[in-house]
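Only one structure is covered here, and it is reproduced in the block below.
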Amino acid sequence: MAELLPPETNVRYKIPVSSASLPGIKSLGLRGISCIGLTNLDGSPTSHQVLQSVAYHLGPHLQSLCLGGGSPTEASFVALILGCPALRSLDLSGCNSLFISGMLLAQPETAQRVQQALSGLRELNLAGLQNLADLSFNRLSSCAPDLERLSLAYCHLTFELGPARGSSVPQDSSRSQFSFHNLLQFVKERASRLHALDLSGTGLQHLQHLNVRKLQRLTDAGCTALGGLWELQSLDMAECCLVSGRELALALSSVHGTPPPLTSLSLAYCSSLKDASLFSLIPVLGPSLRVLDLSSCVALTNRTLQAICTYLTQLSVLRLAWCKELQDWGLLGLREPSEEPVQGSQPHQELEHQASGPKDPSSQPQGPSLLMLQALQELDLTACSKLTDTSLAKVLQFPQLRQLSLSLLPALTNKGLVAVARGCPSLERLALSHCSLLSDEGWAQAAHSWPRLQHLNLSSCCQLTEQTLDTIGRACKQIQMLDVAMCSGISMAAVRRFQAQLPQVTCIHSRFVGGADLTLTL
């Protein structure tokens, strides 16, 4: 008996589909060949015979199969796949005949058997399929739950938000269209395993809104693809913790030599972001940006804030919650206080001196302050715990501001509260929870400045009493929601009296019952 040669795992054999190839297929099977490509494949009886031979002689140990450009029938394709249980790579690029009817793998029994055969598939090439639709893509991809690489190059993607005209089928299961909405859902579900996705030539350059929130495996390398999205208006990359921002800046600035018309960017919870990368990113975002969310980017400092104030002066929404390195001098646009204070003074006093304006301005070079952002309508400084009245009283002067959060600022006092009230008279939503230095006296001076106030959070402001409720009730007639949970100086009876005066208000209060805190919504 002749000795079998070891299989050539790194060589792909191209087999023309004809009767003359049948002996060669048998010979390749004896040699244990695991990587082949079939050419001239169509729906003829000869092609069917060749596929049967491939399944019988090569199928048990075939790892890579290319049918690219062929036109097999659905039945012959399924029969072939069922005979190839070891496949790791499958190329169906240009095989439009499999997807024209939209019925590939429509039978649950067939789909289940194909899924068993493709359980080890890691790479799938669907490039150039003009007839690919959501339903057929979902059926085929569900048969390969461990895919790591997927090519959809030059497939026709649609970006409509609703179902196809005249169709009662939801877009995410369209029989006639391959939608970006459906693809994005697939990516989210497979993010933990999918390593590579080729979308070249799919028309993505017309994409206007992209949400890749929580793609934990997305890295800077993946951001390079954004360079082709020259119509992009909103980008949500929140909780993409591996993105540092370096490649994002390069990608956005490479779009036709100018940045895309981004109006909204969220990088919230991107914990790898550093000042250096944002110094490159912020200038290329352009004057069109209106919404910027950097919440919980905990490594960012005052220098990033000053870059924002320099280049993004048209912002209407700025969220910096939990950026705990922000300090007063950054908001004020002043030089960083010296590490060694002037003799006889403290760093806080030195900062007060700078903020009050020196006699010789040239001796104290100043940068852009938060006051540069006069278009702001929403500002979130929650838990920026190093901020004090020194900056807040001077820079929170925004006549158009509608929403403000200063919760978890332990140094905010009545002085700061009154200054904010005078500087931001149009507030409709205000959060001041856990600002423990605020008292009834401060609210007595501030409340009359906020006649438009609708939502107010004062939870855990432990010095407040029912006197503040009376003040708010008289001054803030538009109030709709009031949170005074964990305000030990405000009783349940005081809350009920407040609601009797303003019955439209929903109040949140808490009290201790049996040693436990009970929160009530009234």
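On the stretch given as the range 60-82, residues that are more than 14 Å from Tyr13 (Cα to Cα), open to solvent by less than 20 Å² (accessible area, probe 1.4 Å) and not in a loop (DSSP other than H, G, I, E, B) total 4. For Ala249, the stated conditions do not hold, so it cannot be described as open to solvent by less than 70 Å² (accessible area, probe 1.4 Å), part of a loop (DSSP other than H, G, I, E, B) and outside the structural domain of Ala153 (by the TED database).
In the range 422-432, is there at least one residue being more than 34 Å from the chain's Cα centre (by Cα), in the same structural domain as Val484 (by the TED database) and either of a type in the set (Lys, Arg) or not in a strand (DSSP E or B) (or both)? Walk me through how you get there before you give the answer.
Our first condition is that a residue be more than 34 Å from the chain's Cα centre (by Cα); within the range 422-432, this holds for 422.
Still in the list and also in the same structural domain as Val484 (by the TED database): 422.
Next cut, either of a type in the set (Lys, Arg) or not in a strand (DSSP E or B) (or both) only: 422.
Within the range 422-432, one or more residues are more than 34 Å from the chain's Cα centre (by Cα), in the same structural domain as Val484 (by the TED database) and either of a type in the set (Lys, Arg) or not in a strand (DSSP E or B) (or both).
Of all positions in the range 255-271, at least one carries a residue that is closer than 25 Å to Pro368 by Cα, in contact with a helix residue (DSSP H, G or I) (Cβ under 9 Å, 6 or more places away or on another chain) and outside any loop (DSSP other than H, G, I, E, B).
Suppose the filter is among the acidic types (Asp, Glu), open to solvent by less than 60 Å² (accessible area, probe 1.4 Å) and in a loop (DSSP other than H, G, I, E, B); does Glu325 pass it? When the stated conditions are applied, Glu325 does not pass them.
Taking the conditions exactly as written (closer than 20 Å to Leu292 by Cβ, at pLDDT 95 or above, open to solvent by less than 60 Å² (accessible area, probe 1.4 Å) and touching a helix residue (DSSP H, G or I) at 6+ places or on another chain (Cβ under 7 Å)), does Leu396 satisfy them or not? Spelling it out, Leu396 is indeed closer than 20 Å to Leu292 by Cβ, at pLDDT 95 or above, open to solvent by less than 60 Å² (accessible area, probe 1.4 Å) and touching a helix residue (DSSP H, G or I) at 6+ places or on another chain (Cβ under 7 Å). Return yes or no: is Cys507 modelled with pLDDT under 95, open to solvent by less than 10 Å² (accessible area, probe 1.4 Å) and not aromatic (Phe, Trp, Tyr)? Taking the combined requirement at face value, the residue satisfies it. The set of residues in the range 128-147 that are closer than 27 Å to Ser34 by Cα and open to solvent by less than 20 Å² (accessible area, probe 1.4 Å) comprises Leu129, Phe137, Leu140, Ser141, Cys143, Ala144, Leu147. Note on the range 451-470: among residues that are over 34 Å from the mean Cα position of the chain (by Cα) and not acidic (Asp, Glu), the one that is nearest to Ser407 (Cα to Cα) is Cys462.
In the range 442-462, the count of residues that are among the aromatic types (Phe, Trp, Tyr) and either in a loop (DSSP other than H, G, I, E, B) or outside the structural domain of Ser510 (by the TED database) (or both) is one or more.
Selection over the range 221-243 of residues that are over 15 Å from Leu285 (Cβ atoms) and under 14 Å from the mean Cα position of the chain (by Cα) gives a count of 7. With respect to Asn40, is the statement that it is surrounded by 16 or more Cβ atoms within 10 Å (Cβ to Cβ) and either basic (Lys, Arg) or modelled with pLDDT under 95 (or both) true? Yes; evaluated as a whole, the condition is true for this residue. Here Leu242 clears all of (1) touching a Pro at 6+ places or on another chain (Cβ under 6 Å); (2) surrounded by fewer than 19 Cβ atoms within 10 Å (Cβ to Cβ) except the condition numbered (1). Quick check, is Ile479 in a helix (DSSP H, G or I) and either among the hydrophobic types (A, V, I, L, M, F, W, C) or open to solvent by less than 10 Å² (accessible area, probe 1.4 Å) (or both)? It is false that Ile479 is in a helix (DSSP H, G or I) and either among the hydrophobic types (A, V, I, L, M, F, W, C) or open to solvent by less than 10 Å² (accessible area, probe 1.4 Å) (or both).
Here is a check on your reading of the model: is Val291 open to solvent by 10 Å² or more (accessible area, probe 1.4 Å) and closer than 30 Å to Leu331 by Cα? Taking the combined requirement at face value, the residue satisfies it. Evaluated against (1) surrounded by 18 or more Cβ atoms within 10 Å (Cβ to Cβ); (2) among the polar types (S, T, N, Q); (3) touching an Asp or Glu at 6+ places or on another chain (Cβ under 6 Å), Ser460 falls short on exactly one condition, (3).
Sort through Leu408, Leu404 and tell me the only one that's under 31 Å from the mean Cα position of the chain (by Cα), open to solvent by 30 Å² or more (accessible area, probe 1.4 Å), within 18 Å of Ser296 (Cα to Cα) and not assigned by the TED database to the domain that holds Thr304.
Numbers: Leu404 fails: open to solvent by 30 Å² or more (accessible area, probe 1.4 Å).
Step by step, each of Leu408, Leu404 is checked, and only Leu408 is under 31 Å from the mean Cα position of the chain (by Cα), open to solvent by 30 Å² or more (accessible area, probe 1.4 Å), within 18 Å of Ser296 (Cα to Cα) and not assigned by the TED database to the domain that holds Thr304.
Residues of the range 83-110 that are in contact with a helix residue (DSSP H, G or I) (Cβ under 9 Å, 6 or more places away or on another chain) and surrounded by 17 or more Cβ atoms within 10 Å (Cβ to Cβ): Gly83, Cys84, Leu87, Leu90, Leu92, Cys95, Ser97, Leu98, Phe99, Leu104, Leu105, Thr110.
The values are calculated or read from the model by the stated rules, or taken from the named source; none is laboratory data. Because the structure is a prediction, the values reported are computed rather than measured. Every residue, glycine among them, receives a Cβ derived from its backbone with ideal geometry; neighbour counts consider all protein chains shown. These accessible areas exclude ligands, DNA and RNA; they are computed on the full protein's heavy atoms, side chains included. Shrake-Rupley method; radii C 1.70, N 1.55, O 1.52, S 1.80 Å.
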